[in-house]
1. Consider residue 296 against the criteria (1) more than 16 Å from the ligand (Cβ to nearest atom); (2) surrounded by fewer than 21 Cβ atoms within 10 Å (Cβ to Cβ); (3) not polar (S, T, N, Q): it satisfies all of them except one. Which criterion is unmet?
2. Return yes or no: is residue 357 at pLDDT below 95, out of contact with any Pro (no Cβ under 9 Å at 6 or more places or on another chain) and within 15 Å of the ligand (Cβ to nearest atom)?
3. Give the residue that is surrounded by the most Cβ atoms within 10 Å (Cβ to Cβ), with candidates limited to residues of the range 119-147 that are hydroxyl-bearing (Ser, Thr, Tyr) and within 16 Å of the ligand (Cβ to nearest atom).
4. Quick check: anything in the range 147-155 at pLDDT 95 or above and closer than 30 Å to residue 600 by Cβ?
5. Restrict the check to the range 384-395 and report whether at least one residue is within 16 Å of the ligand (Cβ to nearest atom), without any contact (Cβ under 8 Å) to a residue 60 or more places away in the chain and out of contact with any Phe, Trp or Tyr (no Cβ under 7 Å at 6 or more places or on another chain).
6. Quick check: anything in the range 49-69 acidic (Asp, Glu) and in contact with a Gly (Cβ under 9 Å, 6 or more places away or on another chain)?
7. Could we say that residue 368 is modelled with pLDDT of 95 or more, away from the ligand (no atom under 12 Å from the Cβ) and under 24 Å from residue 309 (Cα atoms) here?
Amino acid sequence: VKAPKNRPTLITNIKSIEGTICVVDELKKIFTIAIESAYPDLEDPPVVITLSGNNPKFGDYQCNSAMPISQLLKAKNIQTNPREVGNNILIRTPSSPLIQKLEVAGAGFLNIYLNKLFVEHVLNSILRFGVKPPPVKRNRIVVDFSSPNIAKEMHVGHLRSTIIGDSICRVLEFLNHDVLRINHLGDWGTQFGMLIAHLQDKFPDYKTHSPPISDLQAFYKESKKRFDEDEDFKKRAYACVVELQSGHPDYTAAWKLICEVSRQEFQKVYDRLDIKIIDRGESFYQSRMDTVVKELKEKGLLEEDEGRLIMWGSTEQTGIPLTIVKSDGGYTYDTSDMATIKQRVEEENGERLIYVTDVGQYTHFATIEACARRAGILKDGQKIEHVGFGVVLGEDKKKFKTRSGDTIKLIDLMDEGLKRALDKLVEKGRDKVLTPEELKQAQEAVAYGCIKYADLSHNRINDYIFSFDKMLDDKGNTAVYLLYALTRIQSISRTAQVSFDTLMTEFEKSGIKLTHDAEWKLGKVLLRFPEVILKVTNDLYLHSLCEYLYEISSTFTEFYDKCYCVEKDKTGNVIKIFYERLMLCEVTARIMTKCFEILGIKTVSKM
Ligand code: ARG
């Protein structure tokens, strides 16, 4: 006998919905009840809900469970067909204020037509309460992103990690999760030995006078050269590492100074891109690495291999093992990440551990996860989420470099973005209509917005071609196009001289009505916002949010072409204002603004 299932609670009254609701989730609940009552003997029957696509003939959503269920039944020797299954589900579907009509079509597809009153109600509550997140259980989530290496260049790969990681944090924060944004700086490698030794020689009074190492790159190169050519220097460099790792105050002071120079450089990038992040580099884990190594030894999980101590992800010893202790006794990137996991699970109580790096580190994190599980650091149900991304290529599809073949400095890249954004605005004559202050705001919004959007709007797994020409195109799915679209929508009420207060007074009288087909279509697209957000928080692919933003904007254009918001006579005098449509414009603008916010893109009211 099967245990009785928990029957999910359904929405029975539209009025109980305040703000947002995820329609697919509610439909899933409704059809779970229907399917379980139609086929109580099936274990976990599939409940498949999809959007119907562009043909209104198929309704707004579909339940496509009939086909797989009829196959499951056939496997149990129950003779039936999808259409019959579809009908069976249909008659058992509980009534819902979300649904206006249901029908079985073709091979058992259940077409679901949404109730207009419901959609209008949701849009009205967005106007009343703002764009609210769908309610979810609050989780503690650690997001490890950006994470450049001290004394080395912060390169375009780190830029991708920064942009993607920040946006992931933003979407999770929007859902009210407890997010810890961690910058896992590479601040603890052997390179610090040579940097410190070089600093001691060149600037012996570094503790009282700040040495001119603003060009840390050059400083790094000099010390590397000495390290490679001078045996004595090399020995001293190694000795410095030992002193540093045992906490000697002078060496710690030198190390701090070097880190600070790097940090200031990184901070310039973060300030420009409006990124908030907590610095917690590899050095933070030094004592925790001692602890984790001890634990792994005690559990008998380490093995000797040519003087090193290694650990396999599985007892079958497949794949590549981690190097936990080097033959000279030092720790590695692997050791630090084992300590990182332990710290995030045990001290931070992290429920989701997210790491944003290039796909090249996929195996590293898979092995770390496997080892952490073997060691009992990760428990059942806990996992690492590696958010991988492809490499950045130049327009020649080769590794992104300057014309002279050097790596591109991020600050230079952003300056070029600023310059090109301004050229674009001037080309459109915007310098003649905007005040200097407005022009500057538009320039920055476009420059940083286009760099972020170009990155986020592509499937992150793929390599991506960096092209200012493409990202500054004012047609197509680009930040420039969408930012323009938003300012235009926001200006509709302004040009009709309808103040926000007037709009809200009219709203109290009637509220949004979706009468015209184009209004109805736009309303249903806007309704999907929570659905898109929840999908993004699950799979951490931000391009679907960008696609959605673009879809809103194209559906809006269609609406605006077909429906007058303001009617004017031949001389341009306003003769009629369609307030309900202006309300729809307002909701559209609010949702688009929220999407931009989540993507970390600043919007402007004029551009
Ligand atoms: N510093 C590393 C790099 O530049 C990225 C660190 C990512 N985070 C981590 N916990 N391993 O590739």
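1. Failed condition: (2).
2. Details: at pLDDT below 95: no; out of contact with any Pro (no Cβ under 9 Å at 6 or more places or on another chain): yes; within 15 Å of the ligand (Cβ to nearest atom): yes.
No; evaluated as a whole, the condition is false for this residue.
3. 146
4. Looking for residues that are at pLDDT 95 or above and closer than 30 Å to residue 600 by Cβ, one finds at least one in the range 147-155, hence yes.
5. no
6. No, every residue in the range 49-69 fails to be acidic (Asp, Glu) and in contact with a Gly (Cβ under 9 Å, 6 or more places away or on another chain).
7. no
Yes/no matrix, rows are residues, columns are (1) at pLDDT below 95; (2) farther than 22 Å from residue 358 by Cβ; (3) assigned to a loop (DSSP other than H, G, I, E, B); (4) charged (D, E, K, R):
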| site | (1), (2), (3), (4) |
| --- | --- |
| 441 | no, yes, no, no |
| 475 | yes, yes, yes, yes |
| 488 | no, yes, no, yes |
| 497 | yes, yes, yes, no |
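The values are calculated or read from the model by the stated rules, or taken from the named source; none is laboratory data. None of the values given here were measured: they were computed from a predicted structure. All Cβ positions, glycine included, derive from the backbone under ideal geometry; neighbour counts span all protein chains shown.
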